[in-house]
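Comments concern the structure below.
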Amino acid sequence: MVTVVAEESDAQRVTLGTWPTPLEPAPRLARALGLGDGDLLVKRDDLIGLGGGGNKVRKLEWTCGAARAAGATVLVTTGAPQSNHARLTAAAGARLGLDVVLVLAGTPASSASGNLALDGLFGARVVWAGDTDAQQLAATADEVVERLRKDGAVPSLIPFGGSSVLGARGYALCGQELLAQAPGLSHVVVAAGSGGTMAGLVGALGADRVLGVHVGAVADPAATVAGLVSGLVETPCDPAALRVRTDQVGAGYSTLTEPVMAALTLAGRTEGLVLDPIYTGRAMAGLVAAVEDGDIVPGQRTVFLHTGGMPGLFGHAATIARAEGALG
Ligand SMILES: *Cc1c(COP(=O)(O)O)cnc(C)c1O
């Protein structure tokens, strides 16, 4: 195990969830995957209570803690229209009594659904940035921050996906939680988006035990994760040492692939487990592929990290149409 560097931010962290989250056996899913009944455990970070749950809460405990310590009155962050991170930033702001401005890529949706509906319920203000790339989205967020400052507010910019070195500390803690709950674990399988979740886990568990499944949210997932890990632990992280599968992206981040649709129905029908088309569905499809190609074999203790995302399922029309079409 690697030592995660302690910092003054430890004292600033705010509590937004109830810890530890459950770790549940999934024997019927394990069998369907070709693993032994006892080999597969699901870490239920989808059950984190705040705002519909999901992995972003662990990162927000640190970034919001730093924002509050700096006297922030308003949280600003960026994302896709169905961003789980944006939704949970909105919920965290509500919980902490801070205003929230979400700078989202795209144009106003004709009807709010999924995460957007919750953004509205949590009282966030949305600034639509139009059809932009990541760089332009960040530039728009900087403009919003400047405007808020001129108006006398104290804005704090929460990074894309909550994935800074500071935010990743939340998943280093999750890694430690897992070591206590599942001693002797061989693999943790996780979706890799902005990278902070995988980075924190690698910080706590080492690179060998964490299998990241790239969802297409960043250009170079291994470099992104390695950069965060290097800030988190005392020794630099070599991107080549990371286990990252890039075979589940399909036609791009927001598109539904056939292996993901198969993973959603498999998890639903064996365990009553809800996955989403962007993140956890890709992670499960990556686990299926990892067992098929022998990267994960029966007898090895394997944790599937359920990172949440259910609101995103209800904001993804193509997946909903397929799910309803499968009704018997
Ligand atoms: C953001 C997200 C991820 C990926 O986490 P990163 O830290 O951005 O890599 C995985 N699952 C869900 C449901 C998410 O919302």
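Here is how the numbers come out for the structure above:
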item: Under 9 Å, Cβ to Cβ, from L211 - net charge with Lys/Arg +1 and Asp/Glu -1; result: +2
item: Normalised convex hull volume, the range 191-328, alpha-carbon set, Å³ per residue; result: 113
item: Those aspartates and glutamates that a straight Cα-Cα span of less than 20 Å connects to K56, excepting residues fewer than 8 apart in one chain; result: D10, D45, D46, D99, D119, E177, D276
item: Sites matching GluC sites (Glu not before Pro) across the range 227-328 that sit in DSSP coil, with at most 10 neighbouring C-beta atoms within 10 Å; result: E234
item: Span per principal axis, largest first, for the Cα atoms of the range 240-296 (Å); result: 35, 25, 15
item: Helix-only [θ]222 nm of the chain, DSSP H runs n ≥ 4, -39500 (n - 2.57) each, per residue, nearest 500; result: -13000 deg cm²/dmol
item: Size of electric dipole in the range 56-162: Cβ of Lys, Arg +1 and of Asp, Glu -1, about Cα centre, debye, nearest 20; result: 400
item: Cβ-based exposure ranking for L148, L35, in which fewest neighbours within 10 Å come first; result: L148, L35
item: The chain: translational diffusion in µm²/s, Stokes-Einstein, Kirkwood Rh over Cα pairs, 20 °C, 1.002 mPa s; result: 108
item: For the chain, built as a Gaussian network whose Cα springs stay under 10 Å, the top-fluctuating residue of P183, P155, P277; result: P183
item: Extension reserve of the Q136-A241 stretch, reckoned as 0.36 nm per residue once the Cα distance is removed; result: 34.6 nm
item: R125-A69 FRET efficiency (beta carbon distance; Förster radius 22 Å; 0.05 resolution); result: 0.40
item: Value of Rg/Rh across the range 56-162 [Cα atoms, Kirkwood radius]; result: 0.93
item: Likely footprinting exposure, K59, K43, fewest C-beta neighbours within 10 Å first; result: K43, K59
item: Helix 280-292 axis, angle to the chain major axis (alpha carbon atoms, nearest 10°); result: 30
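Just so you know, all these numbers are worked out from the coordinates, no wet-lab data involved. Given the structure is predicted, the values throughout are model-derived calculations rather than measurements. Methodologically, a virtual Cβ is constructed for each residue, glycine included, from the backbone with ideal geometry; neighbour enumeration extends over all protein chains shown.
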